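Below is one structure, written out as structure tokens; the observations come after it.
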Amino acid sequence: MEAPRAGLGAQAPWKEMSAEVVTRSAQASRQCQLHVPYGDGRGDRMDIYFPDTESEAFPFLLFFHGGYWQSGSKDQSAFMVNPLTTQGVAVAIVGYDVAPKGTLDHMVDQVTRSIVFIQKQYPSNEGIYLCGHSAGAHLASMMFLASWTEHGVAPNLRGFFLVSGLYDLEPIVSTSNNALLLMTLEDAQRNSPQRRLHRAPAPPADPACPVLVMVGEHESPEFHRQSWEFCQTLCRGGWEASFKKLPDMDHFSIIENLTKKDYVVTQIMVKTIFQEL
């Protein structure tokens, strides 16, 4: 398999600059807390953007950036902040240690702890929704396998938005894309939800916890294959999963367009979140 390089860090410099401008604009226009520690590590940081309403009972969307697990950052990833916060959703953009500093196991642990932090810090939240792009979608999908009892909290997870993700990592092991990740076959198997989901905890008792698996029309065949197969695996496991191919979108535009309140994915997120309340 030739696994395409994915995520914001793989873009041209002007694309990264544009993403940073979007983030700076969000920081300037919204009430926010930056570089909030969710753990003791230097990379355990998130930026939290709040709605105008004075409350701690709003719903939260946690976003995990792309970059093929080896680039990208929370500082380039605030695409959906303005459209969602103006609708009453708090948004947390989660940073994590990319390779070579971070291993896949470490990144998964960081994402898990970021969710635990939000649940403990905001126990009156009206639902926690996870959204990830590319590598971030993989990390979000690993939360289907999380053992929350080890962390002493049951997060109020109410929905997943998985955008252009990879869910079976074995094909990457023998490619140049593994140069910084240094995954062994065992690492890839352990971190492939497509291969492990049959052993996952039972789906939530509330059948209204939706999972939306999305891919852009102009993405590579591998992204299409993995997205479709993972959605089918979720459905067989009892999850309320659906698949959506977005017309005229590629691997980057599918996430960049979240700056627009009338973008179909933005509208899906808002509708999903507030139907839950």
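Nothing in this text is a laboratory measurement; each read-out follows from the coordinates by a stated rule. For clarity, every value in this text was computed on a predicted model and none was experimentally measured. Reconstructed Cβ throughout: ideal geometry from the backbone, glycine too, with neighbour counts over all protein chains shown.
Annotations for the structure displayed:
- Surrounding net charge for T86, when Lys and Arg each add one and Asp and Glu each subtract one, Cβ distance under 13 Å: +1
- Per-peptide average of other Cβ atoms within 10 Å, ordering 253-260, 185-192, 160-167 highest first: 160-167, 253-260, 185-192
- The calculated 222 nm mean residue ellipticity attributable to helices in the chain amounts to -9500 deg cm²/dmol, summing -39500 (n - 2.57) over DSSP H runs of n ≥ 4 and dividing by all residues.
- Peptides 110-122, 88-100 ordered by packing proxy, namely the average of other Cβ atoms within 10 Å per residue, highest first: 88-100, 110-122.
- Restricting the trypsin sites (Lys or Arg not before Pro) of region 29-92 to loop positions (DSSP other than H, G, I, E, B) with no more than 10 neighbouring Cβ atoms within 10 Å leaves R42.
- Amide hydrogen neighbours beyond the local backbone of G102, cut-off 5 Å, H modeled: none
- Environment charge at M249 (Cβ cut-off 11 Å; Lys +1, Arg +1, Asp -1, Glu -1): -3
- If both residues of a DSSP beta bridge must be in the chain, then about 25% of such bridges are antiparallel.
- The listed peptides 230-243, 170-183, ordered by packing as a protection proxy, come out as 230-243, 170-183 (highest mean of other Cβ atoms within 10 Å first).
- Cα-based Lys proximity count in the chain, under 28 Å, for pairs eight or more positions apart or on separate chains: 23
- Electrostatic bookkeeping for W148 treats Lys and Arg as +1 and Asp and Glu as -1; over the other residues with beta carbon under 15 Å from its beta carbon, the sum is +1.
- Loop-located GluC sites (Glu not before Pro) in region 12-114 (DSSP state other than H, G, I, E, B) with a sparse environment of at most 16 neighbouring Cβ atoms within 10 Å: E54, E56.
- When only the Cβ of Lys, Arg, Asp and Glu is charged (+1, +1, -1, -1), the dipole of region 203-277 relative to its Cα centre reaches about 160 debye.
- Distance from the alpha carbon centroid of region 206-277 to that of region 72-138 works out to 17 angstrom.
- Taking amide H atoms as placed 1.01 Å from N in the peptide plane, the amide H of Y96 lies under 5 Å from those of K74, each 5 or more residues away in sequence or on another chain.
- Rounded to the nearest 20, the size of the Cβ-charge dipole of the chain about its Cα centre is 100 debye, with Lys and Arg at +1 and Asp and Glu at -1.
- Among (i) 20.2, 58; (ii) 19.5, 67; (iii) 17.0, 51, the entry derived from the coordinates for Rg and Dmax of the Cα atoms in Å: (iii)
- For region 28-170, the share of DSSP beta bridges that are antiparallel, to the nearest 5, is 35%.
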